[in-house]
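Down below is the structure, laid out as structure tokens.
Every read-out reported here was derived from the displayed coordinates using simple, explicitly stated rules and does not represent laboratory data. Please read these numbers as outputs of a predicted model, since none were measured by experiment. No Cβ is skipped: glycine too gets one built from the backbone with ideal geometry, and neighbour counts run over all protein chains shown.
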Amino acid sequence: MRSTLRVRVARVLGGGALIAALLLPAATPTTAADPVILRVGTTQDLDSLNPYATLLVVGYEAFQLSYNLLVDFGPDRWSLPGFADRWERAADGHSWTFHIREGMTWSDGEPATAEDACFSWQLAIDAIADGGAGSLGAGYLDPTLDDAAVTKVECPDATTMIATTDDASDRILQTYLPIIPKHIWGEEDHTSIGEATFEPTLVGSGPYQAVEWQTGQFVRFQRNPSYWGTQGYADEIDIIIYKTEDTMVQALKAGELDYAHGPNAEQLNALQSEPNIATVAGSANGWTQLAFNTYGTGTDKTIADGGPSTPALLDPAFRDALGYAVDHATLVERVLGGYGDVGTTMVPPVLTQWHVEPTNQRTFDIELAKQKLDAAGYALNGSGERLDKAGNPIKLRLLMPDSDSNYPNAAQFVADWYGQLGIGVTTQVLDSATLGEIVLPPEAGDTYKADYDIELWGWSGNVDPNGLMAIFKCDAIGSSSDSQYCNQTFDDLYDQQLVAASNEDRKAILTQMQNIIYDDAPYDILYYDANLEAYRTDRFAGWQNQPTANGTPFFTYSTLNYTRLTNAVAAPSAEATAAPSGEAAPTAAATPDAGEPAASSSNTTLIIAIVVIVAVLAVGLVLYSRRRRTAGADEE
Amino acid sequence: MGGRYLARRGAQALLTIFAIVVLNFVLFRMMPGSPERVLLRNPYLTQAKIEQVRKQWGLDKPLIPDQLVAYTTSTLSGDLGYSLKFRGTPVTDVIGQRFWPTILLIGFAEAIAIVVGLAVGAYAGWHRGGVGDRIGSGISLVLYSMPYFVIGMPLIIIFASSFGWFPTSGMLTVGATYPGLVDRLIDFGRHLALPLATVSLGLIGGYSILMRSSIIETRSEDYVTTARAKGLTDRRILRSHAFPNALLPMVTIIAINLGYVVAGAITAEVVFNWPGLGTLTVDALSARDYPILEGVFLLLSITVVLANLAADLVYGLLDPRVRA
């Protein structure tokens, strides 16, 4: 038995030697024929390659690479040809004729025609007609068609699509529906497409086709040779999923990544001093908010053992006063590291066409806040506590999810400022699923109690502000509302702006809506967090931002920037053998003389690895030989 | 060791697995929060949509008996369902992609940690108070108290970012094409080196300390005194008498530890972006992805129960007194 143990140990050591042998650095020969791979890093965990099922920015990026929209978004979000190469609007404004580009094929070789476009849009039309439950998949894409009020599509021939719409605006050009191949998806209807069991076959007409997805690890896209547009320089795009920004940033610095999506502020600052790395802080289309629980406003409904802890929260004058106690500029500076914009209305400033500054803008003034609270009937008692109109001290519970590391910092500031007003604040971090359930009112189900006072969370929108405004509608209570806010005037204005006759008319209505929400203050929008990105400039060049002024290269509304990249290395012929060493066996620096550093580092590793192997083998030999020697002289 | 003993232990194992699986099923679904609200958070979400999705995902029926029966019957027939988070992907695919990376990382790390940790611990315990003991115990304590990411991040910064000897993260170079299998193994080995070092170092400390105290206990046993009286050398006594007896509790500890190791390697997986079951479990938990959680816990419970079964058998092999 003892010798068996020794033999076992020796065997394990032998195995260890084999492992050590495998650790010899790869002296993989590289050739100029290696594919050019663009590696993009993100911490968002892709949830689906089905465009209708995904709800993440990385998911939209993925489907925008594989598929085309009918009309694409250009450098400043103006319309560009997509699946359709030109379009006209009829004189009465209620029908649009799209000319579908000729000669397109899908990545599997089948012809791509207007029939596919009609099929794709018809799915959404059927979903909309079916009502709320019938919406496609996760229900995020077909509302864009609904907003455009498209009622019918028909395709009289292979290159023509005619869409009939009730809407007088040009919102139809922002419809965010991918054109999917009818010959692959034709068996599905609008209900089966969204099911968790539906696995779409990956065939598209976009510049890069998704070919492999390892959940939680990466998605690989390969060049679609039959893409109708300009072919990009990269042959393959890999979106690599990281669990933490720290590892992603290390990979970017080591040259294993070309693009990092979402480093935090400290990392971004540190990357600015790295050679061959550029950083971008793009204006975000979204915000972080304090949402006040206003349940019962106007209805006098209460929730047993739940609801807001004080009726003060239902009073707009109270909420407005609180808004003067929050220093939004300090939050941007200290919580976001300076990367972001001060929060005002619920339409982010990056949507320059629709955002307005509020007419009655609040300032940061603690004394003024105290005066306003006194004037509104919320006085201090002898111990410095602020009382509500029933004479109870106001103590607010501030809840936040664990999904963003900035939230606890912001909450600390808010608790301190409100504390100066005499209002007690307790903060709590919860996991997203639990918090999502806590804020639900009984309208969502009998067991829900909306047992919170303030919810610190955020939203991000898309090209059209409708999504971010829909949160404030009465029917959002029980689904996407964080504040149980209900204002019929607001709802009426929302419906009006959907059918506004012109952009100017719509802007006027949106101005009203933004001011209503700002003045009523069901939310205190703290800031618009910036999109932080960093990328290497030594392998790929031609990086552009979308929008050009304050956007980012990737993870925007179109993927054309992927095709606009070029080779950063100036003289391709001289560096053809050395530069590609970055792809197959990534080394620390993919510079023209990458051969030398790789050789010297591999020499050192080689020596160390040999030493380790020798040491392990020596120990193994010693053990084995001792077994032999003592086998005869056994103990009694 | 009779066939009856094996059969009895096997039946016990099966029963344990079944109990664990049923219990986990109920516990997960009793947690606050539901997957459709987490995974579908978007401004256009409506009540009707939520209800439709709940029905699609089988969550609208009562927990017991409907959901439980549906789950039990489908699992017994080998159908683990589809992930709710990774929509369109079967659970077996999601778990399958993580299975071998976890086994390889944990397996090699345990092997190295067992060999080195037990050796260091035995030496330190036998020469208690000596220089070797002080150094060995000191290092072991330091390693034992360092979480994996505290070991791992410096390794990345030094060996991957600065020296460039190893890649910073991942299991293979994404998108790479390999001329042959050996190149693929080499690339895998390079990626495995740092996470392996991290997890091994983290485990060595613990095993070494435990082995040390086990050896110290064995040293004071009567048979060791007898062996000394007979004139055997110190080294022979350690190797042939003390070590095998001290090994017995370690076998149990290693087996019990296995479940914790798979779970605890999460921090190493996060730091190195290693596609393991630990991070899959944590992510699935946040998303309330019930099918994935049930699948992972089925796998983990089978693994742990089998490991303990194996430990029982090994124990029986090592110690003749235990054999039935």
Item to check | Residues of the range B:182-216 with amide N under 14 Å of a point placed 7 Å along Cα→Cβ from B:Asp319 | outcome: B:214-215
Checklist entry - Which value in deg cm²/dmol, rounded to the nearest 500, describes the helix-derived mean residue ellipticity at 222 nm for chain B, given -39,500 (n - 2.57) per DSSP H run of n ≥ 4 and division by the residue count? => result -24000 deg cm²/dmol
Checklist entry - Using 7 Å Cα-to-Cβ label points, what is the B:Val150/A:Thr151 separation (nm, one decimal)? => result 6.9 nm
Next on the checklist: Let me check I've understood the local charge: for A:Ala168, count other residues with C-beta under 11 angstrom from its C-beta, Lys and Arg +1, Asp and Glu -1. What total comes out?
Outcome noted: -2
Checklist entry - Considering the dipole of the range B:1-142 built from charges on the beta carbon (Lys and Arg +1, Asp and Glu -1) around the Cα centre, which of B:Pro62, B:Pro43, B:Gly88 is farthest to its positive end? => result B:Pro62
Next on the checklist: Let me check against my output: what whole-number percent is the relative contact order of the range A:166-240, with C-alpha pairs under 8 Å and at least 6 apart?
Outcome noted: 21 percent
Checklist outcome for this item: For the protein assembly as shown, whose charge dipole is built from +1 on Lys and Arg Cβ atoms and -1 on Asp and Glu Cβ atoms, the candidate among A:Gln420, A:Ala291, A:Ile525 with its Cα farthest towards the positive end is A:Gln420
Item to check | Two-site FRET efficiency, A:Ala508 against B:Phe163, from Cβ-Cβ distance with R₀ of 56 Å, rounded to 0.05 | outcome: 0.35
Next on the checklist: Pairs of alpha-carbon atoms within less than 8 angstrom and 6+ residues apart define the contacts here; what relative contact order does the range B:91-323 have, in percent?
Outcome noted: 29 percent
Checklist outcome for this item: Least to most buried among B:Val94, B:Val261, by other C-beta atoms within 10 Å and fewest first, runs B:Val261, B:Val94
Checklist entry - Counting only complete DSSP H runs, which helices of chain B cover 24 Å or more along their long axis at the Cα atoms and score a mean Kyte-Doolittle of 0.0 or above? => result B:3-30, B:91-126, B:181-219, B:243-264, B:290-318
Checklist outcome for this item: Taking alpha-carbon centroids only, the range A:404-459 lies from the range B:117-159 a number of Å equal to 44 Å
Item to check | Distance between modelled label sites at B:Leu76 and A:Ser192, nm, 7 Å Cα→Cβ extension | outcome: 3.1 nm
Next on the checklist: Rounded to the nearest 20 debye, what is the charge dipole size of the range B:91-323 about its Cα centre when +1 sits on each Lys and Arg Cβ and -1 on each Asp and Glu Cβ?
Outcome noted: 880 debye
Next on the checklist: Charges on Cβ only, +1 for Lys and Arg, -1 for Asp and Glu, centred on the Cα centroid of the protein assembly as shown; of B:Leu192, B:Leu141, A:Ala476, which one is farthest towards the dipole's positive end?
Outcome noted: B:Leu141
Item to check | Isotropic mean projected area of the C-alpha convex hull, the range B:3-76 (nm²) | outcome: 6.2 nm²
Next on the checklist: If each DSSP helix of 4+ residues adds -39,500 (n - 2.57) and the sum is divided by the residues in chain A, what number results at 222 nm, nearest 500 deg cm²/dmol?
Outcome noted: -9500 deg cm²/dmol
Checklist entry - Between A:Phe73 and residues 5 or more places away or on another chain, which pairs have amide H atoms under 5 Å apart, with H built 1.01 Å from N, and which residues are they? => result A:Leu80
Next on the checklist: Through the Karplus equation 6.51 cos²θ - 1.76 cosθ + 1.60, θ set to phi - 60°, convert the phi angles of the range A:314-320 into ³J(HN,Hα) values in whole Hz; use x for Gly and Pro.
Outcome noted: 7, 9, x, 5, 5, 5, 4
Item to check | Relative contact order of the range A:194-305, defined on C-alpha pairs under 8 angstrom at six or more residues apart (%) | outcome: 13 percent
Checklist outcome for this item: Simple SL model, points at 7 angstrom along Cα→Cβ for A:Ser226 and B:Val142; separation in nm is 6.2 nm
Checklist entry - Which value, to two decimals, describes the C-alpha radius of gyration of the range A:87-191 once divided by 2.2 N^0.38 Å? => result 1.05
Item to check | Folded to 0 to 90 degrees: helix A:366-375 orientation relative to chain A principal axis, Cα | outcome: 40 degrees
Checklist entry - Taking the Cα centre of the range B:97-229 as the origin, how large is its charge dipole in debye, to the nearest 20, when only Lys and Arg (+1) and Asp and Glu (-1) carry charge on their Cβ atoms? => result 120 debye
Item to check | Global form of the range B:91-323, assessed from the alpha-carbon gyration tensor, a/c cut-off 1.5 | outcome: prolate
Checklist outcome for this item: Expected unfolding gain across A:Ala379-A:Thr566 under the 0.36 nm per residue rule, minus the alpha-carbon gap, is 60.8 nm
Checklist outcome for this item: With 0.36 nm assigned to each residue of separation and the Cα-Cα distance removed, A:Gln412 to A:Thr330 gains 28.3 nm
Next on the checklist: Can you classify the range A:110-171 as rounded, prolate or oblate using the Cα gyration tensor, where a ≥ b ≥ c are the square roots of its eigenvalues, rounded means a/c under 1.5, and otherwise it's prolate if a/b beats b/c and oblate if not?
Outcome noted: oblate
Item to check | Amide hydrogen neighbours beyond the local backbone of A:Leu177, cut-off 5 Å, H modeled | outcome: A:Leu70
Checklist entry - Is the shape of chain A rounded, prolate or oblate, going by the alpha carbon gyration tensor and its root eigenvalues a ≥ b ≥ c, with a/c under 1.5 for rounded and a/b larger than b/c for prolate? => result oblate
Item to check | Sorted peptide list for B:27-38, B:67-78, criterion being average Cβ within 10 angstrom, highest first | outcome: B:27-38, B:67-78
Checklist entry - Could you give me the ³J(HN,Hα) list for the range A:297-302, computed from phi with Karplus coefficients 6.51, -1.76, 1.60 and θ = phi - 60°, whole Hz, x at Gly and Pro? => result 4, x, 10, 6, 6, 10
Next on the checklist: Report for the protein assembly as shown the percent antiparallel among DSSP-assigned beta bridges with both residues inside it, nearest 5.
Outcome noted: 75 percent
Next on the checklist: So if I place +1 on the C-beta of Lys and Arg and -1 on the C-beta of Asp and Glu, and nothing else carries charge, what would the dipole magnitude of chain A be about its Cα centre? I want it in debye, nearest 20.
Outcome noted: 2700 debye
